[in-house]
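Comments concern the structure below.
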Amino acid sequence: MTNLSSNPWQRSQAELTKAGKLLNIDPLLLAHLSEPERIIEVSLPLVRDNGEKEVLKGYRIQHSNILGPYKGGLRYHPQVSMDEVKALSFLMTMKNALINIPLGGGKGGITVDPKKLSERELERLTRMFTRRLGNIIGPEIDIPAPDVNTNAIVMSWIADEYRKIFGENTVAVVTGKPLAQGGSLGRPEATGLGGAYALLAILKKLGKDPKKMTAAVQGFGNVGRNVAYFLQQAGVRIVGLSDSKGGIYIPGGVADIEQIERCKEQKGYLAGCYCVGSVCDINYKTKVNGRDISPAEVLELPVDIIIPAALENSITKDNAKKIQASIVLEMANTPTTLDADEILRKKNVMVIPDILANAGGVAVSYFEWYQNMHHESWTKDKVFKKLHSKMNRAVDSVYKLSEEYGVTQREAAFMFALKRLEKAWKTHPMAQPILYE
Ligand code: NAD
């Protein structure tokens, strides 16, 4: 059972209430944001390849469209629950407001372990989910995207099924598509690169030289790999890495990240990827002065920056006390529990919150949607430049607000997002209920 501190919905509501009080926000807006606008729960009959039948559960939560069509990922995971999806949809509303894109917040998922399904089963399930969602999604209504265990292929099935029902010119119904099916250059790297931009902008404000900083990254998937790669390119010494099975610690700095990626691809896991020249092997551990670590230990290493890029609730009251870093870059969604957040605040650890750190993903999803809607195709350079400018602006605004109010980066990020929502809310029909008479 989740406790209050780690229940994602209650935690996000606590943040909302805190920010609302500090800014004296219209209570009607706060009430509006404390419940999703629409909750959809669907049953999904699935015929397995062997003919067996079962019925799964899927969700889509449309939290708020104050700023524009709902936008957020679809997650396939055995632990997907209404509470989790609700919290993540709320965070999308806040994230999209913070990064300044004209989109609202949504999230969805299926309670399923996709690793136990064949590709054909996964495709049938995704197409059934698309039919069930029907016309509550659409390029100007609600635009899903990939999240945990969903990817460009899953998005291409949704786009194709949607096109069959609603016709041509509907490719903008999802983002994160393969390039050949209307995807955007730069989307795969966007979340990690955006996080690197955010961190580098913060280091500049703190007067710290990236080349003198060390970092450790938990999670070596799409986000973890990319943030480690781009930070290493900027001169940050990456000394610790882990995935779900184990990790490595090399005080002098790991080899180049692409080489470690190739090693992990070959072996299926990251542990033992000690590289010398172009060869990576467990036997090189002593040569590079390395040490094996557990996936959890990576967050407790003697480094300047830790980067949780795997799961929710990876920083809890138990390990928060052991954290030695002075900066936490939250690339995963909700990696820090409420009580851990309080411990870090007391220890003067700067936490760059998830809604800021990982907003690069949805920023480039918006660019993809925009290109689709306007029949454009941007270069990767253009995508990265626009992403850089969005991340820098968001960091600037949050940092300024945190200084003005003497609050943490997380509190300031929620406050800044809320300010933007309040501005749009003033002219929103819901703010004048009389219109509905
Ligand atoms: P992914 O599935 O590609 O990678 C997850 C990684 O975490 C894998 O390397 C896995 O081995 C590792 N992992 C799992 N359990 C672990 C554990 N106990 N200890 C250490 N490592 C563990 O997922 P991703 O797309 O990289 O997403 C990672 C996080 O970032 C998620 O919280 C996701 O919600 C968030 N996020 C992703 C995006 C995106 O664009 N992909 C955008 C915003 C936020």
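The values are calculated or read from the model by the stated rules, or taken from the named source; none is laboratory data. Computed from a predicted model, the values in this text were never measured in an experiment. Cβ sites come from the backbone with ideal geometry, for glycine too, and all protein chains shown count toward neighbours.
Among the residues of the stretch 160-219, write down those that are small (Gly, Ala, Ser) and in contact with a Gly (Cβ under 6 Å, 6 or more places away or on another chain).
Ala190, Gly194, Ala216
Given the conditions (1) more than 23 Å from the chain's Cα centre (by Cα); (2) surrounded by fewer than 22 Cβ atoms within 10 Å (Cβ to Cβ); (3) more than 11 Å from the ligand (Cβ to nearest atom), and given that Ala234 satisfies all but one, which numbered condition is not satisfied?
With respect to (1) more than 23 Å from the chain's Cα centre (by Cα); (2) surrounded by fewer than 22 Cβ atoms within 10 Å (Cβ to Cβ); (3) more than 11 Å from the ligand (Cβ to nearest atom), Ala234 is out only on (1).
Filter the stretch 255-271 down to the residues that are within 15 Å of the ligand (Cβ to nearest atom) and among the aliphatic types (A, V, I, L, M), then identify the one that is nearest to Arg291 (Cα to Cα).
The residue in question is Ala271.
The rows are residues; the columns are (1) surrounded by fewer than 22 Cβ atoms within 10 Å (Cβ to Cβ); (2) part of a helix (DSSP H, G or I).
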| position | (1), (2) |
| --- | --- |
| Glu123 | yes, yes |
| Arg127 | yes, yes |
| Glu140 | yes, no |
| Pro144 | no, no |
| Asn149 | yes, no |
| Val154 | no, yes |
| Thr175 | no, no |
| Ala180 | yes, yes |
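Looking at Gly252, Gly246, which is the one that is over 23 Å from Asn358 (Cβ atoms), more than 15 Å from the ligand (Cβ to nearest atom), touching a residue at least 24 places away in the same chain (Cβ under 8 Å) and touching a strand residue (DSSP E or B) at 6+ places or on another chain (Cβ under 8 Å)?
Exactly one residue qualifies, and that residue is Gly252.
Quick check on my filter: what residues within the stretch 360-380 are farther than 22 Å from Ile137 by Cα and within 12 Å of the ligand (Cβ to nearest atom)?
Gly360
Listed here are the residues, each with its yes/no results for (1) under 21 Å from Asn226 (Cα atoms); (2) in contact with a Lys or Arg (Cβ under 7 Å, 6 or more places away or on another chain).
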site: Lys267; (1), (2): yes, no
site: Leu270; (1), (2): yes, yes
site: Cys273; (1), (2): yes, yes
site: Val276; (1), (2): no, yes
site: Asp281; (1), (2): no, no
site: Tyr284; (1), (2): no, no
site: Lys287; (1), (2): no, no
site: Gly290; (1), (2): no, no
site: Val298; (1), (2): yes, no
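Of the residues Val47, Val55, Val42, only one is crowded, with 16+ Cβ neighbours inside 10 Å and of a type in the set (Val, Ile, Thr); which?
Val42
Looking only at the stretch 88-112, count every residue that is under 15 Å from Glu37 (Cβ atoms) and surrounded by fewer than 24 Cβ atoms within 10 Å (Cβ to Cβ) and tell me the total.
0
Of the conditions (1) under 19 Å from Glu15 (Cα atoms); (2) touching a Ser or Thr at 6+ places or on another chain (Cβ under 7 Å), Gln371 clears all except one; give me its number.
(1)
Quick check on the stretch 1-21. Is at least one of its residues over 22 Å from Asn358 (Cα atoms) and of a type in the set (Asp, Glu)?
No, the stretch 1-21 contains no residue that is over 22 Å from Asn358 (Cα atoms) and of a type in the set (Asp, Glu).
Can you find even one residue in the stretch 355-364 that is farther than 18 Å from Asn222 by Cα and in contact (Cβ under 8 Å) with a residue 40 or more places away in the chain?
no
Do the conditions hold for Leu74, that is, is it within 16 Å of the ligand (Cβ to nearest atom) and either in a strand (DSSP E or B) or modelled with pLDDT under 95 (or both)?
Yes.
Any residue at all in the stretch 58-68 that is farther than 21 Å from Ile99 by Cβ, in contact (Cβ under 8 Å) with a residue 24 or more places away in the chain and hydrophobic (A, V, I, L, M, F, W, C)?
no
Restricting to the stretch 2-39, name every residue that is hydroxyl-bearing (Ser, Thr, Tyr) and surrounded by fewer than 18 Cβ atoms within 10 Å (Cβ to Cβ).
Thr2, Thr17, Ser34
Looking at (1) away from the ligand (no atom under 16 Å from the Cβ); (2) acidic (Asp, Glu); (3) modelled with pLDDT under 95, can you tell me which one Asp147 breaks?
(1)
Listed here are the residues, each with its yes/no results for (1) surrounded by fewer than 19 Cβ atoms within 10 Å (Cβ to Cβ); (2) at pLDDT below 95; (3) of a type in the set (Lys, Arg); (4) under 24 Å from the mean Cα position of the chain (by Cα).
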{"site": "Val239", "(1), (2), (3), (4)": "no, no, no, yes"}
{"site": "Ala255", "(1), (2), (3), (4)": "no, yes, no, no"}
{"site": "Tyr274", "(1), (2), (3), (4)": "no, no, no, no"}
{"site": "Ile305", "(1), (2), (3), (4)": "no, no, no, yes"}
{"site": "Leu311", "(1), (2), (3), (4)": "yes, yes, no, yes"}
{"site": "Ser314", "(1), (2), (3), (4)": "no, no, no, yes"}
{"site": "Lys321", "(1), (2), (3), (4)": "yes, no, yes, no"}
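Where residues in the stretch 77-89 are in contact with a Ser or Thr (Cβ under 9 Å, 6 or more places away or on another chain) and more than 14 Å from the ligand (Cβ to nearest atom), which of them is nearest to Asp354 (Cα to Cα)?
Ranking the qualifying residues of the stretch 77-89, first place goes to Lys86.
Looking at Ala309, Ala296, Ala325, Ala332 in this structure, which one is of a type in the set (A, V, I, L, M, F, W, C), touching an Asp or Glu at 6+ places or on another chain (Cβ under 8 Å) and within 12 Å of the ligand (Cβ to nearest atom)?
Testing whether each residue is of a type in the set (A, V, I, L, M, F, W, C), touching an Asp or Glu at 6+ places or on another chain (Cβ under 8 Å) and within 12 Å of the ligand (Cβ to nearest atom) leaves just Ala332.
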